[in-house]
1. Once you list every other residue whose beta carbon is under 14 Å from the beta carbon of Q15, what net charge do they have if Lys and Arg are +1 and Asp and Glu are -1?
2. What is the spin-label model distance, in nm, from K61 to N3 if the labels are put 7 Å beyond Cα along the C-beta direction?
3. How far is helix 31-45 tilted off the main Cα axis of the chain, in degrees rounded to 10, range 0 to 90?
4. Once you keep just the Cα pairs under 8 angstrom separated by 6 or more residues, what percentage relative contact order results for the chain?
5. Considering only lysines 8 or more places apart in sequence, or on different chains, count the pairs in the stretch 5-57 whose C-alpha atoms sit under 18 Å apart.
6. Residue separation times 0.36 nm, minus the C-alpha to C-alpha distance between A26 and E40: what's the value?
Amino acid sequence: MQNSIHVTPKGDSWQVKRAGNQNASAVCETQKECIGLAKEMAKKSHSELYIHNKEGQIRAKNSYGNDPIKTKG
């Protein structure tokens with residue numbers, strides 16, 4: 001997805017990047033800090049959030065307002 005946001009490792013740090021961008025939106029010392037920033041960005045832009053592990057594999061994902069499946073409620 002073009003508008004997705006990824007939390008990925010960057011050396012000994014972590015970064016928040018939008019899909020398709022070359023530069024990081026943010027670089028953090030901890031993954032937890034980057035996840036917090038990325039969640040806020042995903043909520044504001046109604047995007048998918050992908051959280052990667054140290055090896056770069058996706059370990060978790062979440063949709064913030066762009067989920068095509070409607071729930072009853």
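1. +2
2. So the label points at K61 and N3 sit 1.6 nm apart.
3. Around 40 degrees separate the two axes.
4. For the chain, the relative contact order is 28 percent.
5. Lysine pairs meeting both conditions in the stretch 5-57 amount to 9.
6. Net length gain for the segment: 3.8 nm.
Every read-out reported here was derived from the displayed coordinates using simple, explicitly stated rules and does not represent laboratory data. Being a predicted model, the structure only gives us computed values, none of them experimental. Here the Cβ is made from the backbone with ideal geometry for all residues, glycine too, and neighbour counts use every protein chain on show.
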